[in-house]
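The values are calculated or read from the model by the stated rules, or taken from the named source; none is laboratory data. These figures come from a predicted structure and were not determined experimentally. Neighbour counts run over all protein chains shown; Cβ positions are idealised from the backbone, glycine included.
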Amino acid sequence: MDFSYIFRAACPKPETFADFGFQKDDALREDKVFTDAKVPADVLICKKSLPQTDFYVILILNLAKETLSAQVYDFATDEQYALFDVPSANGAFISQIREQVKNIIEDFRNLCFETADLKEKYFEYMKSQFSAVPDYPWDDSPDAGVFRCKNDKWFALVMKIKYRQLGLTGDEEVFVVNLKAPPDKIPNIVDHKSVFPAWHMNKKHWITVLLTAATTFEHLCELTEQSYKLVYENVSGKKKSEK
């Protein structure tokens, strides 16, 4: 199962990985599970027991590619527990296994990643830079806040969505902001790490940016100022030309 979304939520601290239990693959070759495994040399592996079960989880981390996956095995046979990777599989036991693996992933993120919620800092920036405060126009989406230019047009939409809605794995929720961008520059701006094709808006003119540690605040501000100019100055320019 893929847990690479944590790289979009926080910045890794590789110097802490060994303390959590990650090792080079060669250090684990005596374990039966890894005898025939074809694992790249730059990959780190961590083995953790799952409490109150006869199973354990193997975490496979590729820092260069920013990927993290998990595989569950039976202690008695060292055979992989295939149902763990079947999304449609349900029941009390598989739910228990998934919850325990999720807890291990969360422990890893809390101990070995630098987290940062940019939302509050971003709201302060919007107020000081543009004298803009959010309004919340949708009763059924209380977390969705709109920032408007002086002409009342949107230039930023902050909302809470799930990582999978951006094409990533994971049902965890994350705050993002939709910003306007020049259509010809969007292909170069989108990196699928901190900037994505717009969620729920026209992808030709808008982008979605994570409000997490994966996004540098300076870059976020640059993209926001660009959005403001595109929305405010373009509309203002049209009004002047019409006069």
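Some observations on this one:
- Residue selected from region 1-41 under the condition among the charged types (D, E, K, R) and at pLDDT 75 or above, by the criterion farthest from Leu63 (Cα to Cα): Asp19
Yes or no, residue by residue, for (1) surrounded by 17 or more Cβ atoms within 10 Å (Cβ to Cβ); (2) touching a residue at least 40 places away in the same chain (Cβ under 8 Å); (3) touching a helix residue (DSSP H, G or I) at 6+ places or on another chain (Cβ under 7 Å):
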{"site": "Leu50", "(1), (2), (3)": "yes, yes, yes"}
{"site": "Ala64", "(1), (2), (3)": "no, no, no"}
{"site": "Thr67", "(1), (2), (3)": "no, yes, no"}
{"site": "Ala70", "(1), (2), (3)": "yes, yes, yes"}
{"site": "Tyr73", "(1), (2), (3)": "yes, yes, yes"}
{"site": "Asp78", "(1), (2), (3)": "no, yes, yes"}
{"site": "Ala82", "(1), (2), (3)": "no, no, no"}
{"site": "Val86", "(1), (2), (3)": "no, no, no"}
{"site": "Ala89", "(1), (2), (3)": "no, no, yes"}
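- Taking residues in region 123-142 that are at pLDDT 95 or above, and partners anywhere that are surrounded by fewer than 11 Cβ atoms within 10 Å (Cβ to Cβ) and not in a helix (DSSP H, G or I), the pairs with Cβ atoms closer than 8 Å and at least 6 places apart or on different chains are Tyr136/Pro142.
- Number of residues in region 91-102 that are surrounded by 13 or more Cβ atoms within 10 Å (Cβ to Cβ), without any contact (Cβ under 8 Å) to a residue 12 or more places away in the chain and within 30 Å of Pro14 (Cβ to Cβ): the value is 1.
- Those helices (runs of 4 or more DSSP H) of region 154-243 in which at least 2 residues are surrounded by 15 or more Cβ atoms within 10 Å (Cβ to Cβ) and hydrophobic (A, V, I, L, M, F, W, C), considering only elements entirely within it, cover 186-189, 217-228.
- Remark: Phe113 falls outside the filter, which requires a residue to be in contact with a strand residue (DSSP E or B) (Cβ under 9 Å, 6 or more places away or on another chain) and either surrounded by fewer than 17 Cβ atoms within 10 Å (Cβ to Cβ) or modelled with pLDDT of 95 or more (or both).
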